1. If one computes P(r) from the Cα atoms of segment 76-163, what percent of pairs lie at distances over 16 Å?
2. Can you give the extra length, in nm with one decimal, that the chain gains between Arg123 and Asp243 once fully stretched, where that is 0.36 nm per residue apart less the Cα-Cα distance?
3. Can you tell me the alpha carbon radius of gyration of segment 4-242 divided by the globular rule-of-thumb value 2.2 N^0.38 Å?
4. For the cross-link pairs Lys59/Lys170; Lys49/Lys167; Lys49/Lys241, which exceed 19 Å when the distance is taken from alpha carbon to alpha carbon?
5. Among the trypsin sites (Lys or Arg not before Pro) within segment 135-202, which fall in a DSSP loop and have no more than 12 other Cβ atoms within 10 Å of their own Cβ?
6. How large is log10 I(q)/I(0) at q = 0.11, 0.12, 0.22 Å⁻¹ when the Debye formula is applied to the Cα atoms of segment 53-118, each weighted equally and without solvent?
Amino acid sequence: MTAAITILNVPVHDVTMAETLDHIGRLIEQGGAHQICTVNPEFIMAAQKDLVFRQILRKSALNVPDGVGVLWAARRLGRPLRERVAGSDLIGEIADRAARTGWKLFLLGAAEGVADRTAAVLRARHPAINIVGTFAGQAGPEGDEDSVARIRAAAPDVVLVAYGAPKQNKWIDRNLARTSAAVGIGVGGAFDFIVGAQRRAPRWMQRAGLEWLYRLAREPWRWRRQLALPLFVWRVVTESKRDAGTAG
């Protein structure tokens, strides 16, 4: 397994999309319960204040670099990462690999009915896919027993959880070991993107690292969350200067 680099006390692994999928396969074969996190700058800044979330990120099986901000930070700190592994792209890649390998998937979260519609879209795109269950459920502990019971009965290999961070990651941390699934992955708004309830930024904006700007323009209420981005930049620059001074 590729060693992780550390960005503001949060580990991020230097993995490609293909390596991520291969690692999921190994975790399924290994058994046990393993969380994979899609780390972006908002995750890293939230973890500075949320101790539980930070502990989850520090002990997860794999933290993939989701977001050009994470790639920039790694370069700035002198530990470049090879590739962005976007969470919104990962679900499609997982579906494709699952259709070819037989991985069993369970879709949990999002608004009522969205997981069902997501499953229908994925089945249309990948006829051989084995989606063994869907459920909106609840992100908080009050809904845990119902969700866990449904997932255990379906016996999936991978649970994709769409509650948004850090709720989805805390759900996986609390419950994955009780579901019998080997891998739990928080996928944020990926279900909404798949069914068309939300639109992703055009490809050129994604490549330019402006996906955050596109989402802010479409969802102005996100401005408070976006305040984390300049703070992230400042913290990384400060750390890189400190490291340079220490090295000198």
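Bear in mind these aren't lab numbers, they're just calculated from the coordinates by the rules spelled out. What you see is a predicted model; the values in this text were computed from it and never measured. Glycine gets a Cβ as well: all are built from the backbone with ideal geometry, and neighbour counts include every protein chain shown.
1. On the way: 2167 of 3828 pairs.
That fraction is 57 percent.
2. Numbers: separation 120, 0.36 × 120 = 43.20 nm, distance 4.90 nm.
Value of the extension gain: 38.3 nm.
3. On the way: Rg = 17.2 Å, N = 239, 2.2 N^0.38 = 17.6 Å.
With N residues counted in segment 4-242, Rg over 2.2 N^0.38 Å equals 0.97.
4. Lys49/Lys241
5. Values: sites: Arg150, Arg152, Lys167, Lys170, Arg174, Arg178, Arg199, Arg200; in loops: Arg199, Arg200.
Taking segment 135-202 and a limit of 12 other Cβ atoms within 10 Å, the loop trypsin sites (Lys or Arg not before Pro) found are Arg199.
6. Values returned for q = 0.11, 0.12, 0.22 Å⁻¹ are -0.41, -0.48, -1.09.
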